[in-house]
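**Q** Structure in structure tokens, see below.
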Amino acid sequence: MQIEFPFVGTVWRTDRAEAEGPATTRVDTAISWNIKGIRAPVLSFMATRMLRRYGALYDKRVAEMIQASARASV
């Protein structure tokens, strides 16, 4: 997915869900962005903090969806 974040611009996130057993799903996530210029270190720091907060909420929602889907298929 492509997300627009303040100060950073475009952020790219890729999630891959893979079954690891009959009742276990693994989700791998990769996030990247490209900030240039003299303010890049400060903006990257801010982006990291924002994305951790956003990512934790997103990961929780994905886990809930996977669990709901697993319960529905049983």
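**Q** With P(r) over Cα pairs in 10 Å bins from 0, in percent as the read-out, I listed [x] 15, 16, 13, 13, 11, 9, 8, 6, 5, 3, 2, 0; [y] 18, 36, 24, 14, 7, 1; [z] 17, 41, 24, 14, 4, 0; which label goes with the value calculated from this structure?
**A** [z]
**Q** For the chain, take the longest principal axis of its alpha carbons; what is the angle in degrees between that and the long axis of helix 40-73, to the nearest 10 within 0 to 90?
**A** 10
**Q** Let me ask something else. Can you send over the carbon and sulfur percentage of the accessible area for the chain, probe radius 1.4 Å, protein chains only?
**A** With neighbouring chains kept in place, the figure for the chain is 57 percent.
**Q** What number, in percent, do you get for the relative contact order of the chain if the mean sequence gap of Cα pairs under 8 Å and at least 6 apart is divided by its residue count?
**A** Numbers: 61 pairs, mean separation 17.1, N = 74.
Relative contact order here is 23 percent.
**Q** Can you tell me how much longer the chain between GLU64 and THR14 gets when fully stretched, taken as 0.36 nm per residue apart minus their C-alpha distance, in nm with one decimal? All intermediate terms of the calculation are to be shown ahead of the outcome.
**A** Details: separation 50, 0.36 × 50 = 18.00 nm, distance 1.82 nm.
Extra length from GLU64 to THR14 when fully extended: 16.2 nm.
**Q** Mind checking the per residue accessible area of the chain for me, 1.4 Å probe, whole number of Å²?
**A** Working: 5890 Å² over 74 residues.
That works out to 80 Å² for each residue.
**Q** Enumerate the amide H contacts of THR25 below 5 Å, restricted to partners 5 or more residues apart or on another chain; note that Pro and chain-start residues carry no placed amide H.
**A** Residues meeting the criterion, in which the H sits 1.01 Å from N, are GLU20.
The values are calculated or read from the model by the stated rules, or taken from the named source; none is laboratory data. Keep in mind that what you see is a predicted model, and the values were worked out from it rather than measured. These area figures cover heavy atoms from the full protein model, side chains too; ligands, DNA and RNA do not enter into them. Shrake-Rupley method; radii C 1.70, N 1.55, O 1.52, S 1.80 Å.
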